[in-house]
Structure formats: structure tokens, C-alpha cells
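Working notes, beginning with the structure itself.
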Amino acid sequence: MNIPLWLSFTLFAFLENLVGIILNTFIVVVNINILRIGNELNPSALLHLLMGVINIFVMTVIIIQGLAFLVFSQFFFIKGVQEFFLTLITVLMYFQYWLIAWLCLFYFSSTTTFSHKFIVWLKRHIPRLLPYLPLVSAALSFAVSILFIPEGITQPQPSVNVTLDSGFPDYTLNTVYMMLFTFLCCWPPFIISLVSAGFTASSLITHIRNMKRGVLGFTRPQLKIYINALRTMTLLILLSVSYYLMVIWCLAIPYRLDDLHLLNGFFGVSFPTIEAAIIIQSNSKLRKTLRSWSSSTCRRIRKVTLGCVR
């Protein structure tokens, strides 16, 4: 393996994690400030807050794993350590999938104009249920991961040495078991997200047709809301599917510390950063606050630089 390339990936991954932590911390701080001044968070803001917190935890675990591997490579030969990290990451990512599903469901319930009785019932009850659904999802993610993840891991081979030149030794995972577990965990929330996006797209098409016909109540500001919701849902679904395929690819192909696996792993650790960027672009308050903070930070840096020059 090309060592300089590996070091480049390590540096790039570190910078990417730094950006991810900053963006997700920004999301958390903005929403906490709303609570501090006495205002309530709407369902989407509450989900954004939870997603930011989970992403920070995910990146912290990834950093700890990376440092442990670099400093104590034999650390990963301990079966209990592998179970702990794999279970923890699975709990967090499974919970993240459910948060994406509930966010898509909220967008669907708050934008669509269908008159079917079941959809009307959903639109009426989903905002009330959303504060409780993350709690149920967190409990489900924890219980399922704790019960089933250890069954898919067997003792690694302790006789193989870990070096950058030879590559990382194969983990003794039950590949079929882990693939089935991943499928059963990821697809229920994915289906909820996909169905929500499908209904929202159908409602958007109906809205555009009614606008062209000049039907009263169908306006361009509503069209922007539709487009923003559907764009956010689509990006989150694509991100979820990409991460799922990355996990399946890692399970299907024996792991080696080579360039191709590093690229695949880099995409995996980029999930929290990409998701944070999607959340910020979808929320006008977050966008405005980020621009304001960026402008004030640039002004402060400019003042400090001019002061040093003088």
C-alpha cells in the first residue's frame, strides 16, 4: 500500500471530521438557544437537534476508533472491544435512519394536501406523535443492536500481525447474518422515507397543475415549500441508500487496509458531515444564522489581521 496516500487520507478524514463536528455543533447550539429563550421547538427542529447530537456522538466514536487503531493496533483483536464499537455505531446509525424517516414523514404531513381519510388522520396525529417517536426508535435501536450484533461476531485470529504493509486481517464476521441484520434494520425506516417522498412528489405535481389552472389557494410560496421539502427528503434518502450500500460492500468483501477500502471508509465517516449540510440548507433559520456567524467571524479575523500588521 502507498503509505503517503494513506497519510493523505488520514489527514483528509481528520479535516472532514472537524468540519462535521463544527456543522453539527452549530445545529445543536442554534436549536438549544431557541429553547433557552423560552420558545418551543417545532417537530422538524427537534429532529434536527437530535440528528446533530447523534452525529456528534458518531464522529466522536470514529475518532476514538481511529486513534486506538493507530496507537494500539492489537486493541482490535479483542472480541469484546469489536462488539462494543460495532454495537455502538450500529445503535447510533440505526437510530439516525429512524430520525430521517420521521423527518420525511413530518415533511409529508405538513406539505401535502391530499383529502383521503387516512392521510388526513396522519396529518392530524403525526405532529403530536413526533416528540415520542424518537424515544421509541432509540429504544428499538438499542435493544435490537444489543441482542443481535454480538451473534454476528466470532473471535478474530490472534496470530495475524497488523501492519500497514500487510493490510488489516480479516474479521471473523458471519457475513450472511450481518447482511440480513443490516437489511432488516435499514429498510423499514427507508420505506417510510421513500413512501413519504413519493406522496410529497405526487402532491407537488398536483399543486403545479392547479397553479397552471389558476385554482384558488395554490400559490408560488407554497410551491417553494414543496420543492424544499422534496429536495431535502431526496438528498437524505440518497445519503441513506449510499451508506447502506457502503456497509453491504464492506461486509461482502474481506476488509484490507488498501486504498479502495480507505475510500469506501472515508465515505462512511462523511455521513454526519453530509447530513449536517443537508439539514442546514433545508432550514432558512439555520442558513441565515450560519451566514451571520460567518460574516461576524470574518470581520473579527480581518480586524485581528489588520491589528497584527499595524
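The values are calculated or read from the model by the stated rules, or taken from the named source; none is laboratory data. Predicted, not measured: the structure shown is a model, and the values here were computed from it. For neighbour counting, all protein chains shown are included, and Cβ atoms are generated from backbone atoms with ideal geometry for every residue, glycine included. Accessible surface areas use protein heavy atoms only, side chains included; no ligands, DNA or RNA. Shrake-Rupley method; radii C 1.70, N 1.55, O 1.52, S 1.80 Å.
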Of 224/303; 224/288; 117/285, which ones are farther than 28 Å apart at the Cα? 224/303; 117/285
Can you give me the distance in nm between label points at residue 121 and residue 34, each placed 7 Å from the Cα along the Cα-to-Cβ direction? 3.0 nm
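Can you give the FRET efficiency to the nearest 0.05 for residue 68 and residue 14, using r as the Cβ-Cβ distance and R₀ = 22 Å?
The calculated FRET efficiency here is 0.90.
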Ignoring ligands, DNA and RNA, what accessible area per residue does the range 38-118 give at 1.4 Å, in Å²? 44 Å²
Can you send over the solvent-accessible area of residue 62, 1.4 Å probe, protein chains only, in Å² to the nearest 10? 30 Å²
Rank-order 34-43, 137-146, 224-233, 119-128 by packing density, defined as the average count of other C-beta atoms within 10 Å over each peptide's residues, highest first. 224-233, 137-146, 119-128, 34-43
Fully extended, how many nm does the chain gain between residue 285 and residue 132 (0.36 nm per residue separation, minus their Cα-Cα distance)? 52.6 nm
With label points built 7 Å along Cα→Cβ from the Cα atoms of residue 300 and residue 222, find their separation and express it in nm. 4.4 nm
